[in-house]
Amino acid sequence: MYLTVDINEAGYAGNTNVLKDIRFSVGPGELVGLIGPNGAGKSSTIKSILGILKHVDGKVEVGDYAYIPERPIFYDRLTLWEHIDFLLSTLDVPEEEFKLEAKRLLEFFQLSQRIHHYPESFSKGMQQKVMLILAFLKKPDLYIIDEPFMGLDPNAVKKLLQLIADEKKRGAGILMSTHVLDTAEKICDRFVLISNGKLVLQGKLDEVQRDSGLREGSLFDCFDLLTERDSHAG
């Protein structure tokens, strides 16, 4: 497994626990969708995996990963190509192959003409593309992707899905947090549904349908029913 999450409780400063009994894993060549309502604990789960959430009772085992945040983060006054050069300096990879792949991805996302510009001046969609390029250049065992479709136009979404499919074939594992459930239903191998800070269910679509009682239901319908049921139970 590239990621194993076994959290009894987790939270922030003080005695406020926002997560309880969160247990799941991501293996090679597997795309796992992390889904749940706003405020359900998805971001806190990702923070616990990244080691940002310090108050964790439990264990998280994570391999070599690349993290793609919902809000792009860049170094001040570094151009797009300087970001790529900096990434290269942190990796033990052949420089020529790396730069060829960088140029391929820049062309793929139509950013070749912007390599000497500052990413902080880019549109949200262009910034998201830069984050994707930097992550896919790293070629990690595991991708942790937070709301990847935000700000991307349909053409860019299609290209992202193509890259995800290619990385799955390479054997990479992917944990993807998303609200875009119709797309998640089509591309994810399994789902982890979190509501009110706890794991409601996990499994393949047919298991989600079975547990929700909606044998022919869409992921959206199952999600809606299960989160409503959990809110009443809470």
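Just so it is clear, none of the values below were taken in a lab; they were calculated from the coordinates. Quick caveat: nothing in here was measured; it's all calculated off a predicted structure. Cβ placement follows ideal geometry from the backbone for every residue including glycine, while neighbour counts extend to all protein chains displayed.
Things worth noting here:
- Cα convex hull, the stretch 23-121: 173 Å³ per residue, rounded to a whole number.
- Label-point separation in nm, Arg229 to Asp166, each point 7 Å along Cα→Cβ: 4.0 nm
- The loop-placed trypsin sites (Lys or Arg not before Pro) in the stretch 3-75, going by DSSP, that have at most 13 neighbouring Cβ atoms within 10 Å of their Cβ come out as Lys54.
- Extending 7 Å from the Cα toward the beta-carbon at both Met1 and Arg77 defines two label points whose distance is 4.5 nm.
- When the pairs Lys99/Lys124; Lys99/Lys159; Lys99/Lys198; Lys54/Lys186; Lys20/Lys159 are compared against a 31 Å limit on Cα-Cα distance, Lys99/Lys198; Lys54/Lys186; Lys20/Lys159 fall above it.
- Cα Rg, Dmax (largest Cα-Cα span) when computed across the chain, Å: 18.5, 57
- Computing FRET efficiency as 1/(1 + (r/R0)^6) for Ser89 and Asp21, where r is the C-beta to C-beta distance and R0 is 41 Å, gives about 0.50.
- Filtered GluC sites (Glu not before Pro), the stretch 176-228: DSSP coil and at most 14 other beta carbons within 10 Å: Glu216
- In summary, the aspartates and glutamates within cross-link reach of Lys129, defined as a Cα separation below 16 angstrom excluding same-chain residues under 8 places away, comprise Glu70, Glu82, Glu101, Glu107, Glu120, Asp146, Glu147, Asp153.
- Each DSSP beta bridge with both residues in the stretch 88-234 is either parallel or antiparallel, and the antiparallel ones are about 50%.
- For Arg104 and Ile52, a Förster radius of 25 Å and the Cβ-Cβ distance give a FRET efficiency of 0.20, rounded to the nearest 0.05.
- Cβ-derived FRET efficiency at R0 30 Å, Glu96 paired with Tyr118, nearest 0.05: 0.70
- Qualifying chymotrypsin sites (Phe, Trp or Tyr not before Pro) in the stretch 30-131, DSSP loop, other Cβ atoms within 10 Å at most 15: Tyr75
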